[in-house]
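J.: I'd like to ask you about the structure that follows.
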Amino acid sequence: MTITQRLKQIRSQISNAELAFNRQPGSVLLLAVSKTKPAEDLAAAYQSGQRHFGENYLQEALGKQQALGAYDITWHFIGPIQSNKTKALATHFDWVHSVDSLKIARRLSDQRPAHLPPLNICLQVNISDEQSKSGITLDELPELCEQVVKLPKLKLRGVMAIPAPQDDFERQRRPYKTLYQAVAKLGRPELDTFSFGMTGDLQAAIAEGSTIVRIGTALFGERNYAGKLV
Ligand SMILES: *Cc1c(COP(=O)(O)O)cnc(C)c1O
């Protein structure tokens with residue numbers, strides 16, 4: 001299948017899930033996760049109407065941004081963040097989904113160039129994957145939100161999660177439901193973004209309120225990490 005055909009198929013899966021779970025049509029954005037894939041693959045998706053792309057590795061992303069400089073792309077960073085990368089992230093991205101400390105948030109705000117609008121931010125919450133070191137706990141969410149909303153060059157949009165993989169649909173739904181409810185309890189209507197769902201659990205994520213699904217494999221095929229630039 002071509003990228004164009006795969007894109008069409010994923011878009012229809014999203015529409016079907018919106019319909020099945022009483023979500024407003026068009027309320028779930030497709031983020032094309034293009035890590036390890038060449039600029040030509042992104043260009044192919046772009047030609048078929050895709051505008052939002054997600055990248056995990058800074059150097060790799062900067063190369064593709066340069067190659068695709070003439071395209072009207074919204075760039076999302078979704079990978080782990082090291083302090084020494086915040087300046088480039090603040091300069092070259094529209095969204096960062098993987099903020100998990102006040103220190104990183106402060107640096108992104110301080111380093112966001114004055115001429116650009118505030119950087120869109122999601123806080124990464126670790127809801128079920130004890131193995132992963134990324135992400136804050138649910139308990140830390142209220143306090144970090146309170147601090148991050150004060151930062152002038154950031155716009156706190158919501159939360160991102162990467163739960164431990166599960167095959168069972170009901171099990172896939174559970175961590176998303178927990179996180180959705182925790183955010184609802186904060187009573188902050190400006191938090192309008194739930195960055196939930198990947199190739200393996202897109203339907204469950206949409207059932208539980210996802211507004212951005214991050215899809216890599218289903219769109220671009222399996223990834224080969226040999227020789228990747230971080
Ligand atoms: C790689 C990645 C994805 C895409 O995962 P697929 O299973 O290939 O769809 C989504 N989110 C994050 C944070 C990723 O690192």
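The values are calculated or read from the model by the stated rules, or taken from the named source; none is laboratory data. From a predicted model like this one, the values you see are computed outputs, not experimental measurements. With ideal geometry, Cβ positions are generated from the backbone for all residues, glycine too; neighbour counts draw on all protein chains shown.
J.: Suppose we keep only residues that are farther than 14 Å from residue 173 by Cβ and part of a loop (DSSP other than H, G, I, E, B) within segment 199-215. Which one would you say is nearest to the ligand (Cβ to nearest atom)?
T.: Among residues in segment 199-215 that are farther than 14 Å from residue 173 by Cβ and part of a loop (DSSP other than H, G, I, E, B), the one nearest to the ligand (Cβ to nearest atom) is 199.
J.: Let me ask you something else. Residues 81, 104: which one is away from the ligand (no atom under 14 Å from the Cβ) and without any contact (Cβ under 8 Å) to a residue 60 or more places away in the chain? First the steps, then the outcome.
T.: On the way: 81 fails: away from the ligand (no atom under 14 Å from the Cβ).
Of the residues listed, the single one that is away from the ligand (no atom under 14 Å from the Cβ) and without any contact (Cβ under 8 Å) to a residue 60 or more places away in the chain is 104.
J.: Looking at segment 125-144, which of its residues are free of Cβ contacts under 8 Å to residues at least 40 places away in the same chain and not β-branched (Val, Ile, Thr)?
T.: Looking only at segment 125-144, we keep the residues that are free of Cβ contacts under 8 Å to residues at least 40 places away in the same chain, and these are 126, 129-133, 135-137, 139-140, 143.
The answer is 126, 129, 130, 131, 132, 133, 135, 139, 140, 143.
J.: If you take the residues of segment 11-49 that are in contact with a strand residue (DSSP E or B) (Cβ under 8 Å, 6 or more places away or on another chain) and part of a loop (DSSP other than H, G, I, E, B), which of them is farthest from residue 212 (Cα to Cα)? Write out each step before concluding.
T.: Taking segment 11-49 first, the residues in contact with a strand residue (DSSP E or B) (Cβ under 8 Å, 6 or more places away or on another chain) are 11, 14, 28-35, 42, 45.
Pick out the ones that are also part of a loop (DSSP other than H, G, I, E, B) and you get 28, 34-35.
Details: 28: 5, 34: 15, 35: 17 Å.
Checking each candidate, the answer is 35.
J.: Turning to a different aspect of this structure: Just one of 89, 62 is assigned to a helix (DSSP H, G or I), out of contact with any strand residue (DSSP E or B) (no Cβ under 7 Å at 6 or more places or on another chain), closer than 28 Å to residue 40 by Cβ and modelled with pLDDT of 95 or more; which is it?
T.: Values: 89 fails: out of contact with any strand residue (DSSP E or B) (no Cβ under 7 Å at 6 or more places or on another chain).
Just one listed residue meets the conditions, 62.
J.: Considering only segment 145-178, state which residues are over 16 Å from residue 202 (Cα atoms), assigned to a helix (DSSP H, G or I) and touching a residue at least 24 places away in the same chain (Cβ under 8 Å).
T.: Answer for segment 145-178, where residues must be over 16 Å from residue 202 (Cα atoms), assigned to a helix (DSSP H, G or I) and touching a residue at least 24 places away in the same chain (Cβ under 8 Å): 145, 147, 148, 178.
J.: Quick one: in segment 107-129, of everything that is in a loop (DSSP other than H, G, I, E, B), within 16 Å of the ligand (Cβ to nearest atom) and not acidic (Asp, Glu), which residue is nearest to residue 147 (Cα to Cα)?
T.: First pass over segment 107-129, keeping only residues in a loop (DSSP other than H, G, I, E, B): 112-118, 126-129.
Going one step further and asking which of them are within 16 Å of the ligand (Cβ to nearest atom), we end up with 126-129.
Keeping just the survivors that are not acidic (Asp, Glu) gives 126-128.
Working: 126: 19, 127: 21, 128: 24 Å.
Across segment 107-129, the extreme among qualifying residues is 126.
J.: Got a number for residues in segment 216-226 being within 13 Å of the ligand (Cβ to nearest atom) and in a loop (DSSP other than H, G, I, E, B)? Please lay out each step first, then the result.
T.: Applying the first criterion (within 13 Å of the ligand (Cβ to nearest atom)) to segment 216-226 yields 216-225.
Cutting the leftovers down to in a loop (DSSP other than H, G, I, E, B) gives us 216, 221-225.
Number of matching residues: 6.
J.: Could I ask something else about it? Which numbered condition trips up residue 67, out of (1) aliphatic (A, V, I, L, M); (2) surrounded by 18 or more Cβ atoms within 10 Å (Cβ to Cβ); (3) within 26 Å of residue 7 (Cα to Cα)?
T.: (2)
J.: Here is a further query. Report yes if residue 166 is over 19 Å from the mean Cα position of the chain (by Cα) and within 16 Å of the ligand (Cβ to nearest atom), otherwise no. Walk me through it before giving the result.
T.: Details: over 19 Å from the mean Cα position of the chain (by Cα): yes; within 16 Å of the ligand (Cβ to nearest atom): yes.
Judged against the criteria, residue 166 is a match.
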